[in-house]
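Take a look at the structure set out below.
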Amino acid sequence: MKFIDEYRDPALARTLLAEIAAAVRRPWVLMEICGGHTHAIIRHGIDQLLPPEIELVHGPGCPVCVTPAALIDQAIALARRPEVIFTSFGDMLRVPGSVAGGLAGVLNTPCSLQQAQAAGADVRMVYSPLEAVELARQHPHRQVVFFAVGFETTAPGNAMAVLQAARLGLSNFSLLVSHVLVPPAIAALLAAPDNRVQGFLAAGHVCTVTGWEEYRPLVERYRVPMVPAGFEPVDILAAILMLVRQLEAGRAEVENEYRRAVRRQGNPAAQAAVEEVFMVTDRDWRGLGVIPRSGLRLRPEFAAFDAAVKMGSEPAGEVGAGTMAGESAPATAAALISSEQAANPCISGAILRGVKKPLQCPAFAAACHPENPLGATMVSQEGACHAYYRANRRAAA
Amino acid sequence: MKDFKPENFSCPRPATDSETVQLAHGGGSRLAAELIEQVLVPGFNDPVLSRLEDQATLDCSLAAGERLAFTTDSFVVDPLFFPGGSIGELAVNGTINDLAMGGATPLYLSLALIIEEGFPLSELQRVLQAVAGAARSAGVRVVTGDTKVVGRGACDKIFINTSGIGRVPAGLALSAAYLRPGDKIIVSGTIGDHGMAIMSCREGLSFVEPLASDTAALHELSAVILAAAGGAGESGRAEVPGGPGGASEGALGAGAAPAAPAPGESPPEPGPVRAMRDPTRGGVAAVLSEMAKASRVGVSIEEDKLPVAGPVRGACEILGMDPLFVANEGKLLAVVAPETAEAVLAAMRDHPLGRQAVIIGEVQRENPGLVTLCTALGGRRLIDLPAGEQLPRIC
Amino acid sequence: MCLAVPGKVVEIFEEHGMRMGHIDYAGALSKACLEYVPEIRVGEYTVVHAGFALSILDEKEAAESFAAWRELQAAAAREGVDLFGRPLAAADDRGEQS
């Protein structure tokens, strides 16, 4: 496949690895922000091949992992309404909300969208938000809700879906929004006193939309180089080489590895659509807490397409009350959950900030594993803990 | 036909779409009898099936040492029809393949249908034609069957169960527990075709044209493999020193191994073909993992050897899926003694279903129970099975 | 985070008032919205995320990146680099580049 195969050339990858080894003089801690990079690094075994001076830590760029549990509860509650067709990317279907696997059985409440589907909710997986718009067009008597989760890469598509629904005059389409923004998360991470990260592989596809200008203030303030990188092995290794060379030379700049896809100004048409439909808001990141101005929500003029407003769904923080016949809301769920979470040993916050690695967590691969995730980084395939578990990393590499 | 009233039953080639399967078709009624006699039986043209007894009484005498293989499988795929096949072909080929993986020659199939009330007769006709066609192509007879009709919603359109009987040659035993360090692992062709075909039919995934399934009956190919391995080397005994068991030697012919031992006996030496499996649900990864665990050995495969067809690769890339975990319905994995690998490979490539056969890896002592993938870059990754079915992702 | 895959535009058309395309990924054809790459033409490549083309892949930029990398490979070959270890020649004249 063109634009993929040549970036997986083993000989070129080995050359870049040798160059990295030659350039490195001191240890460096580098973070790949994006779950897609984590996935690619583990899939190709790149971290095993890097010289020992380079420590790669995994960042918070996993929108699935960082979606608040309460929002998943809201999604489940909406899905269980008989008139709703709840649509979502595949990524979100198995993520547990507040009610962890074990409790779900006790409370007779689905803990994920997939469980809700098994219990009769009309949950449908889609590849694109436009498929959800099409469903709304085809089923005028049903309410189609789309779970709009993602970073800046996904926001333009979701914006277009809203604009298209408006153009088509649809009154039965809405988004449940959980959009997050990368730079505020990086800023929060860099500002933390225990930050160890010295250089960043920036999310290449986010940058196709946003460009890289918004990283310049961060780079200048914190003197940390950032390299927007593609997702194939050659891209990742070339980006690491660029970071190492900067660090060894004492430079801190934004340097674009992903030249074929990322332009300095990003994609103005996509940015304009996002600006038209969404506005910046504070967001709660699962595992990290609330980061100010780090998310997107629909503008008031698009309230008709905002599921949280239009569908009157329960405010975040409460476990969804079942509206299907025969089920009642669990009265003591909140108490159960808070006491369970108090005992939760999950360190995903520290992992998302690159301060700790999955193997340092006592619960990793013991109490916490993909079938019973205790926190953000085990819940999705992109999460660092999940990726490590699947690659069977039991001992420090 | 006495008491035949045209308004009660339609011709096997129904003229209109409104002809559907009703509850009465499943009971012991005249409608049921007509359904069976006019829609089901004619397509198979089988003397035993046509007798419509409660059981099929079959000639199945076994020569000395031969044994029966018996298997069952149920098929619930949705959509029912897809490029490359349908639930009908899957139901026949899937059960034939289960027999073939044990080295059996498939002989007879049973066919049980559970049909949802309201299912169009024209579609039932299509499914049955597919079953009959697949059985005919494979040279396997459908000799007995059953039909039930359930109320709307009690099943999803149509569920099919097929059971199969086959004959296993004397002295042949294959087992996932027979793998030994040094053995070679061969796949018969491109992986992930069927699962991505089904995925590409799903609504909402934006595919313009669906991909084609690879459903196929593999019994001829498995016979080719056993013959080629038997012909290679001397007695076909495993050469690995210190193999399990005391090993009876020499009494058996080429290509043969002692039959699986009764409990309490020491395990026999495997023959040159250790095991064959068709990697259906869970894909190649699931089968290799099972075999590694059963034999308590490690399995190492090379990423750049895995054959993946272009469109399947493209589909996997856009959905973020890994072909190693995607189902196949017309491929097999064979684990063979190293000295026979080249001969087996050549013989497979001579067969239409094995043209793209390739050695993808080998069995090793290290990491027992685990499957290791050597990436094209030179990295190594342990393949762990996903918790559930692999889903497309956008992240 | 964002799985976006490069594919070739083989057809451009309009659907419900939006500019759409059929994208070819090694023979698998999938539909994508081209509203965010209005200047793209049939035969060009794009990266598609969740059904939206986000950027036209610039073959000239790609070629320049490759030229730089191939030069690295050539330099390594000239100096007899051990592919997995340190170069055999002194590394001083390498570290100061860029």
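Search the range A:172-209 for residues being open to solvent by less than 20 Å² (accessible area, probe 1.4 Å) and of a type in the set (S, T, N, Q), and hand back the single one that is farthest from the other protein chains (Cβ to nearest Cβ).
Here the answer is A:S174.
I'm trying to understand the selection: among the residues of the range B:107-139, which are more than 21 Å from B:K157 (Cα to Cα) and open to solvent by less than 10 Å² (accessible area, probe 1.4 Å)?
B:L109, B:A135 - these are the residues of the range B:107-139 that are more than 21 Å from B:K157 (Cα to Cα) and open to solvent by less than 10 Å² (accessible area, probe 1.4 Å).
Scan the range A:70-83 and tell me whether some residue there is farther than 30 Å from A:L175 by Cα and either modelled with pLDDT of 95 or more or not polar (S, T, N, Q) (or both).
No, the range A:70-83 contains no residue that is farther than 30 Å from A:L175 by Cα and either modelled with pLDDT of 95 or more or not polar (S, T, N, Q) (or both).
Just give me the residues in the range B:43-95 being assigned to a loop (DSSP other than H, G, I, E, B) and among the aliphatic types (A, V, I, L, M), in sequence order.
If the condition is that a residue be assigned to a loop (DSSP other than H, G, I, E, B) and among the aliphatic types (A, V, I, L, M), then B:L52, B:A56, B:L58, B:L62, B:A63, B:A64, B:V76, B:V77, B:L80 are the ones that fit.
More than 19 Å from the chain's Cα centre (by Cα) and closer than 30 Å to C:F52 by Cβ - does that describe any residue in the range B:217-238?
no
Just name the residue that is least open to solvent (accessible area, probe 1.4 Å) out of those in the range A:346-389 that are away from every other protein chain (no Cβ under 14 Å), within 24 Å of A:A187 (Cα to Cα) and among the hydrophobic types (A, V, I, L, M, F, W, C).
Within the range A:346-389, the match that is least open to solvent (accessible area, probe 1.4 Å) is A:I351.
How about the range A:209-256: which of its residues are hydroxyl-bearing (S, T, Y) and closer than 23 Å to A:N267 by Cα?
A:T210, A:Y215
Would it be correct to say that A:R8 is among the charged types (D, E, K, R), in contact (Cβ under 8 Å) with a residue 60 or more places away in the chain and closer than 23 Å to C:A68 by Cα?
The answer is yes for A:R8.
I'd like the residue in the range B:293-308 that is farther than 15 Å from B:I360 by Cα and of a type in the set (A, V, I, L, M) and, out of all such residues, is most open to solvent (accessible area, probe 1.4 Å).
Across the range B:293-308, the extreme among qualifying residues is B:A294.
Can you confirm whether A:V234 is in contact (Cβ under 8 Å) with a residue 24 or more places away in the chain, assigned to a loop (DSSP other than H, G, I, E, B) and of a type outside the set (S, T, N, Q)?
In short, no.
A:G169: open to solvent by 10 Å² or more (accessible area, probe 1.4 Å), assigned to a loop (DSSP other than H, G, I, E, B) and more than 12 Å from chain C (Cβ to nearest Cβ), yes or no?
Taking the combined requirement at face value, the residue does not satisfy it.
Which count do you get for residues in the range B:126-163 that are part of a strand (DSSP E or B) and without any contact (Cβ under 8 Å) to a residue 60 or more places away in the chain?
Looking only at that region, the number is 1.
Restricting the range A:260-282 to residues that are in contact with a Lys or Arg (Cβ under 9 Å, 6 or more places away or on another chain) and open to solvent by 40 Å² or more (accessible area, probe 1.4 Å), which is farthest from A:V180 (Cα to Cα)?
Looking at residues that are in contact with a Lys or Arg (Cβ under 9 Å, 6 or more places away or on another chain) and open to solvent by 40 Å² or more (accessible area, probe 1.4 Å), I get A:E276.
Looking only at the range A:18-72, count every residue that is in contact (Cβ under 8 Å) with a residue 40 or more places away in the chain and of a type in the set (K, R) and tell me the total.
The qualifying residues number 2.
Restricting attention to the range B:312-329, report how many residues are open to solvent by 10 Å² or more (accessible area, probe 1.4 Å), in contact with a Leu (Cβ under 9 Å, 6 or more places away or on another chain) and away from chain C (no Cβ under 14 Å).
So the count comes out to 2.
What are the residues in the range A:7-26 that are of a type outside the set (A, V, I, L, M) and facing chain C (nearest Cβ under 7 Å), if any?
A:R14, A:T15, A:E19
So that you can scan it fast, the table gives a plain yes or no per residue for (1) surrounded by 19 or more Cβ atoms within 10 Å (Cβ to Cβ); (2) part of a helix (DSSP H, G or I); (3) of a type in the set (G, A, S):
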| residue | (1), (2), (3) |
| --- | --- |
| B:K331 | yes, no, no |
| B:A347 | yes, yes, yes |
| B:I360 | yes, no, no |
| B:V363 | yes, no, no |
| B:G369 | no, no, yes |
| B:L382 | no, no, no |
| B:L385 | no, no, no |
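Please find, within the range B:341-371, the residue that is farthest from B:S295 (Cα to Cα) out of those that are hydrophobic (A, V, I, L, M, F, W, C) and touching a Pro at 6+ places or on another chain (Cβ under 6 Å).
That would be B:V358.
Listed residues C:A74, C:A67, C:A63; which is at pLDDT below 90 and out of contact with any helix residue (DSSP H, G or I) (no Cβ under 9 Å at 6 or more places or on another chain)?
After ruling out the rest, the residue left standing is C:A74.
The values are calculated or read from the model by the stated rules, or taken from the named source; none is laboratory data. This structure is a prediction, so every number in the text was calculated from the model and none was measured. Every residue, glycine among them, receives a Cβ derived from its backbone with ideal geometry; neighbour counts consider all protein chains shown. Only protein heavy atoms, including side chains, enter the accessible area calculation; ligands, DNA and RNA are left aside. Shrake-Rupley method; radii C 1.70, N 1.55, O 1.52, S 1.80 Å.
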